[in-house]
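The values are calculated or read from the model by the stated rules, or taken from the named source; none is laboratory data. Nothing here was measured: the structure is a model prediction, and the numbers come from that model. Note that each Cβ is placed from the backbone with ideal geometry, even for glycine, and that neighbours are counted across all protein chains shown.
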Amino acid sequence: MPTVEIEGLIKRFGKEVAVAGIDLKIEQGEFVTLLGPSGCGKTTTLRCIAGLEHPDRGEIRIEGEPITSVEKNIFLSPEDRNLGMVFQSYAVWPHMTVFDNVAFGLKIRRMSRRETQEKTNKVLELVGLAHLAERYATKLSGGQRQRVALARAIVYSPRVVLFDEPLSNLDAKLREQMRIELVRLQHEVDITSIYVTHDQAEALVMSDRVVVMNEGLIQQIDNPEEIYAHPANAFVANFIGVANLMEGSFLSRLGEMGEAEFSAGAEAAPMRLRALGAESASASQRVILSLRPEDITLHLEAPSESVANVLLGQVVDTVYQGNFLNCQVLVGPHEIGVQMDHFVQLEPGQKVYLTFEPEHALLLTE
Amino acid sequence: MTNGENSNYLEIENLVKYFGEDRAVDGISFDIPEGKFLTLLGPSGCGKTTTLMCIAGLHKPNAGEIRVGGKLFTSMEKRIFLAPEKRDIGMVFQSYAIWPHMTVEQNISYPLEVRNFEPSEIEDRVMEVIRLVGLEDMVGKDATQLSGGQQQRTALARAIVCQPSLLLFDEPLSNLDLKLRERMRLELKRIQHEVGITSVYVTHDQAEALVMSDNIIVMSKGRIEQSGGPHAIYARPLNRYVSNFIGIANLIEGRVSRASNSGLSEIEISQEGEHISLPCLLGEGLNEGSEAVLSVRPENVHALRERPGGPSMEGEVIQTVFLGSYLDCRVQWGNFEWKVQAHPREHLREGDRVHIRLDADHTMAVLP
């Protein structure tokens with residue numbers, strides 16, 4: 001039985017549909033991220049799970065037990081759901097010590113003094129704060145406060161922990177470090193986690209599965225590698241990582257690959273390019289080619305005739321970043337970003353050839 | 001005074017500046033060709049800002065000469081010290097230092113007004129720089145209504161409107177958030193390129209320096225550690241300090257076991273009783289037998305499932321972080337953790353046994 005099941009969830013605010021009907025199952029111990037731009041419905045979904053919003057339709061079950069069901073008229077209050085929460089604002093009490101902050105949730109649950117002591121110490125050990133137990137929260141760094149917030153959320157062994165952009169207040173370096181630490185902790189505690197963020201890098205690094213949302217609907221659910229390599233549509237391709245998107249017209253299928261035609265400018269003949277995807281496209285249907293900058297190879301000389309997918313263009317600009325050289329190349333009306341992991345001296349206006357493997361690009365039909 | 005076609009526009013010779021006992025700048029020399037963008041890069045306290053202040057005339061050095069466009073700005077030996085306002089320099093600081101009670105247009109036209117320019121010329125020039133920095137929609141707005149990025153554009157416009165002989169930047173982007181900072185780097189570089197004013201830029205942010213500069217000077221403790229183009233500094237660091245400060249590097253101590261002036265040299269490294277000699281390029285100042293540090297970037301380290309031909313090290317993948325276009329991996333070899341930038345299609349997983357191979361052409365033996 002999945003730990004969390006969401007069925008047909010709909011939530012409106014006045015005329016605005018925040019969540020437009022979503023279904024989702026989350027297994028025990030999974031780390032699932034709801035990812036999307038602001039207004040996509042990710043936070044509203046999380047708040048519905050927490051019991052902070054009354055949905056208009058749908059059912060949410062935890063370990064098979066409905067905690068919200070509009071149809072069955074069930075609505076458990078937030079405190080009866082046994083969920084842990086970690087917010088962006090740490091919500092750590094400044095006038096309490098680290099220990100008291102974490103123990104607070106147990107005290108109000110009337111746990112015995114001894115058990116409170118044991119559980120609190122154990123969880124402080126786990127998040128690496130045992131040596132700071134007697135310190136006041138005001139004396140903590142941002143990363144340490146984050147750990148207190150997490151310790152407090154997991155101390156009473158909730159069934160699920162909900163995270164609402166908990167790292168977005170931290171500076172870049174600390175954020176990157178905390179991502180990895182949070183995942184490590186989550187694995188150690190083996191607690192089912194639902195994490196909301198608008199930061200795609202965070203989602204890729206942390207999640208077992210990513211739920212990409214837009215306009216209240218789920219666009220794709222998959223593990224990070226699949227989402228990145230095989231985006232379901234142009235929105236996902238562009239929201240996760242960087243993708244070159246070129247609009248063209250479908251020609252035909254060639255085995256596993258589809259072939260489509262793309263403008264190469266007013267004077268040049270159109271380009272015929274091959275890629276995966278568009279399995280059910282018909283001739284002259286509008287398609288979008290999605291191509292990652294790191295999957296493109298740049299050549300100074302024309303590749304041999306036998307190579308498929310050759311684009312001829314002119315260098316617009318380069319940006320050197322050390323481990324990568326990013327180059328913008330104008331191919332007819334398309335500006336294509338290329339990411340190289342080795343250095344090449346390139347001048348604006350220089351003629352270059354771009355190639356890519358058909359299996360590393362995707363034709364999308366929406 | 002030589003001012004031939006290859007001569008340098010800004011020349012600094014043996015600059016020294018003490019604050020009490022503290023040698024903030026400890027005898028440095030460098031120069032910049034006209035129109036180029038030079039970055040002074042280093043951690044706080046390395047002397048980069050003090051150097052900039054000496055160029056601006058806001059600090060009087062203890063020794064040395066500063067020349068701009070053939071004109072002597074400062075020469076302690078010849079007792080010459082041009083006042084800051086006579087140096088014809090534009091400056092952009094971290095704090096935007098724009099006037100809150102003025103509009104964008106007033107802020108930018110102010111330097112022209114105090115110099116008694118004709119009203120029609122003021123208007124032309126102000127409009128030109130406003131377009132250049134992309135503030136067309138903000139002309140009549142009060143400075144207080146601007147975002148951080150817009151305030152910094154205003155400060156830049158004000159600095160270039162007089163067409164100064166030199167532009168000085170003191171960490172101008174460090175108050176902006178990461179996304180905006182990344183965009184402004186490219187914008188600033190474009191604008192500098194367009195106006196062609198020789199620029200000196202101070203930052204502690206190595207990514208910023210790599211992206212923006214024609215030349216970088218890496219500083220530490222008042223001295224120059226290395227200078228050169230971004231690629232040269234990144235790919236051919238002179239010593240451990242530079243390698244570590246710029247980008248990410250695998251650094252492991254060893255000894256030069258074979259020195260060659262023409263082809264590849266070798267460096268011997270050890271971990272837990274395992275000794276291995278790896279082909280590498282020999283950095284400056286090293287000979288056979290020298291104590292050295294192996295320096296190699298994560299993108300030039302490969303974690304392979306099969307043992308490759310040539311020298312390799314066997315280890316275990318202990319961490320993988322998927323970042324979309326690449327996989328950031330750590331491989332344990334003895335007590336050393338190799339940082340590897342792997343391709344996601346290699347599907348490395350924690351616990352995998354792998355063989356580490358280095359690209360010899362991108363492996364350096366450098367000074368410790």
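For region A:301-322, the candidate set comprises residues that are within 30 Å of B:ILE233 (Cβ to Cβ) and crowded, with 17+ Cβ neighbours inside 10 Å; within that set, the residue that is farthest from the other protein chains (Cβ to nearest Cβ) is A:GLY313.
A residue that is farther than 28 Å from A:SER168 by Cα, modelled with pLDDT of 90 or more and not basic (Lys, Arg) cannot be found anywhere in region A:119-129.
Out of all the residues in region B:346-359, is one or more within 13 Å of chain A (Cβ to nearest Cβ) and within 30 Å of the chain's Cα centre (by Cα)? Yes, there is a match, as at least one residue in region B:346-359 is within 13 Å of chain A (Cβ to nearest Cβ) and within 30 Å of the chain's Cα centre (by Cα).
For B:ARG258, state whether it is within 14 Å of chain A (Cβ to nearest Cβ) and either buried (at least 16 other Cβ atoms within 10 Å of the Cβ) or modelled with pLDDT of 95 or more (or both). Outline the logic, then answer.
Numbers: within 14 Å of chain A (Cβ to nearest Cβ): no; either buried (at least 16 other Cβ atoms within 10 Å of the Cβ) or modelled with pLDDT of 95 or more (or both): yes.
It is false that B:ARG258 is within 14 Å of chain A (Cβ to nearest Cβ) and either buried (at least 16 other Cβ atoms within 10 Å of the Cβ) or modelled with pLDDT of 95 or more (or both).
Residues of region A:329-359 that are within 14 Å of chain B (Cβ to nearest Cβ) and of a type outside the set (D, E, K, R): A:GLY337, A:VAL338, A:GLN339, A:MET340, A:HIS342, A:PHE343, A:VAL344, A:GLN345, A:LEU346, A:PRO348, A:PHE356.
Residue under question is A:PRO37, and the condition is that it be in a strand (DSSP E or B), in the same structural domain as A:ILE180 (by TED's automatic domain parsing), surrounded by fewer than 22 Cβ atoms within 10 Å (Cβ to Cβ) and out of contact with any Gly (no Cβ under 7 Å at 6 or more places or on another chain); does it hold? No, not satisfied. Within region B:210-225, being under 24 Å from B:LEU186 (Cα atoms) and crowded, with 22+ Cβ neighbours inside 10 Å holds for B:LEU210, B:MET212, B:SER213, B:ILE216, B:ILE217, B:VAL218, B:MET219. Of the helices (runs of 4 or more DSSP H) lying entirely inside region B:140-231, those containing at least 3 residues that are within 18 Å of the chain's Cα centre (by Cα) and more than 11 Å from chain A (Cβ to nearest Cβ) span B:178-195.
Just one of the listed residues (A:GLU176, A:GLU261, A:GLU181) is surrounded by fewer than 19 Cβ atoms within 10 Å (Cβ to Cβ) and modelled with pLDDT of 95 or more, and it is A:GLU261. Residue check: is A:ARG179 within 14 Å of chain B (Cβ to nearest Cβ) and more than 14 Å from the chain's Cα centre (by Cα)? Considered against the rule, which asks whether it is within 14 Å of chain B (Cβ to nearest Cβ) and more than 14 Å from the chain's Cα centre (by Cα), A:ARG179 comes out as no.
Report the residue count in region B:232-255 for those that are within 14 Å of chain A (Cβ to nearest Cβ) and touching a residue at least 12 places away in the same chain (Cβ under 8 Å).
Residues flagged as within 14 Å of chain A (Cβ to nearest Cβ) and touching a residue at least 12 places away in the same chain (Cβ under 8 Å) within region B:232-255 amount to 13.
Taking the criterion of being more than 14 Å from every other protein chain (Cβ to nearest Cβ) and of a type in the set (S, T, N, Q), would at least one residue in region B:330-339 satisfy it? Yes.
Among the residues in region A:64-81, are any farther than 22 Å from A:PHE163 by Cα, crowded, with 17+ Cβ neighbours inside 10 Å and in contact with a helix residue (DSSP H, G or I) (Cβ under 7 Å, 6 or more places away or on another chain)?
Kept after step one, since they are farther than 22 Å from A:PHE163 by Cα, are these residues of region A:64-81: A:69-74.
Still in the running and crowded, with 17+ Cβ neighbours inside 10 Å: A:69-70.
Now drop any that are not in contact with a helix residue (DSSP H, G or I) (Cβ under 7 Å, 6 or more places away or on another chain), which leaves none.
No, region A:64-81 contains no residue that is farther than 22 Å from A:PHE163 by Cα, crowded, with 17+ Cβ neighbours inside 10 Å and in contact with a helix residue (DSSP H, G or I) (Cβ under 7 Å, 6 or more places away or on another chain).
Looking only at region A:188-229, which residues are more than 11 Å from chain B (Cβ to nearest Cβ), among the β-branched types (Val, Ile, Thr) and farther than 25 Å from A:GLY21 by Cβ?
Taking region A:188-229 first, the residues more than 11 Å from chain B (Cβ to nearest Cβ) are A:188-198, A:208-209, A:211-222.
Next, only the ones that are among the β-branched types (Val, Ile, Thr) stay: A:189, A:191-192, A:194, A:196-197, A:211-212, A:218, A:221.
Across region A:188-229, the qualifying residues are A:VAL189, A:ILE191.
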